[in-house]
Amino acid sequence: MPKGSAELTNARREEILSACDKLYQTMSFKEITLKDIAGATSFTRTSIYNYFQTKEEIFLALMQKEYECWVKELDSITESYTTMSAEAFSGVLAHTLEKHGLLLKLLSMNHFDLEANSRPECLLAFKTAYGASIEAVRRCLVKFFPDMDARAQQDFLYAFLPFLYGIYPYTTVSEKQRKAMADAGLNFVYMSVYDIACNCILSLLKAAGYHK
């Protein structure tokens, strides 16, 4: 860890994550290099190693940041609403995902490689943020569906959380992919992040006995 204040360390980490985020908007994970990321910051590639040792650690930290932002939004929901129907909750939760396209894109990546090429302390920080997101969703269930037992909560979480990994590929399709599906005769139904998420959440709640 470099010498200097905690404020400087955090500021430089944020600059690295912001640079990676901007590059990821137009480049793929495989295309992006540490040299590219360094070139989009105000300091050198060598300096990046004071904060992250691999490209995978940067992407993992970017996903950690997205999870932390999502948790704040989820907790805001539990604080802002007294009650919600299954339909209303499905819409509100879907809207939070709609605002986190970066998180959904990162979730569609190969996490095995990201985690394998990250130091234990980086992986721990990420898993802590991921775990916090699970508990934030659980708090929503406890608040708005108080008679849902622990098993039903677990069933919801174990269906909903893995579902998040597939939202981006289903809602973001390139022209090349569109043509291939059309040529293959696939009658693919294109849906927005909100629509596909809302439908899934409401279906899971209905399966748990909440129909309104």
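The values are calculated or read from the model by the stated rules, or taken from the named source; none is laboratory data. Quick caveat: nothing in here was measured; it's all calculated off a predicted structure. Don't worry about glycine lacking a Cβ; one is built from the backbone with ideal geometry, like all the others, and counts go over all protein chains shown.
Anything in region 110-140 that is closer than 29 Å to Thr78 by Cβ, in contact with a helix residue (DSSP H, G or I) (Cβ under 8 Å, 6 or more places away or on another chain) and basic (Lys, Arg)? List them, or say none. Within region 110-140, Arg138, Arg139 qualify.
Scan region 50-109 residue by residue and report those that are in a helix (DSSP H, G or I), within 25 Å of Asp147 (Cβ to Cβ) and of a type in the set (A, V, I, L, M, F, W, C). Correct list: Val71, Leu74, Ile77, Ala86, Ala88, Phe89, Val92, Leu93, Ala94.
Looking across region 176-212, the residues that are assigned to a helix (DSSP H, G or I), among the basic types (Lys, Arg) and at pLDDT below 95 come down to Lys176, Arg178, Lys179. (1) assigned by TED's automatic domain parsing to the domain that holds Cys140; (2) assigned to a helix (DSSP H, G or I): which one isn't true of Glu14, the others all being true? Against the list (1) assigned by TED's automatic domain parsing to the domain that holds Cys140; (2) assigned to a helix (DSSP H, G or I), Glu14 comes up short only on (1).
Candidates in region 151-175 are the residues that are in a loop (DSSP other than H, G, I, E, B) and in contact with a Ser or Thr (Cβ under 9 Å, 6 or more places away or on another chain); of these, the one that is modelled with the lowest pLDDT is Thr172.
Would you confirm whether or not region 130-150 contains a residue that is small (Gly, Ala, Ser) and in a loop (DSSP other than H, G, I, E, B)?
no
Within region 19-49, which residues are without any contact (Cβ under 8 Å) to a residue 24 or more places away in the chain, exposed (fewer than 14 other Cβ atoms within 10 Å of the Cβ) and assigned to a loop (DSSP other than H, G, I, E, B)? Within region 19-49, Gln25, Thr26, Met27, Ser28, Lys30, Glu31, Thr33, Thr44, Tyr49 qualify.
So is Glu66 buried (at least 20 other Cβ atoms within 10 Å of the Cβ), closer than 19 Å to Asn110 by Cα and acidic (Asp, Glu) or not? So Glu66 fits the description; yes.
Would it be correct to say that Glu15 is farther than 12 Å from Lys55 by Cα and surrounded by 10 or more Cβ atoms within 10 Å (Cβ to Cβ)? The answer is yes for Glu15. One residue alone among Thr78, Thr96 is of a type in the set (Ser, Thr, Tyr), assigned by TED's automatic domain parsing to the domain that holds Ala129 and in contact with an Asp or Glu (Cβ under 8 Å, 6 or more places away or on another chain), and that residue is Thr96.
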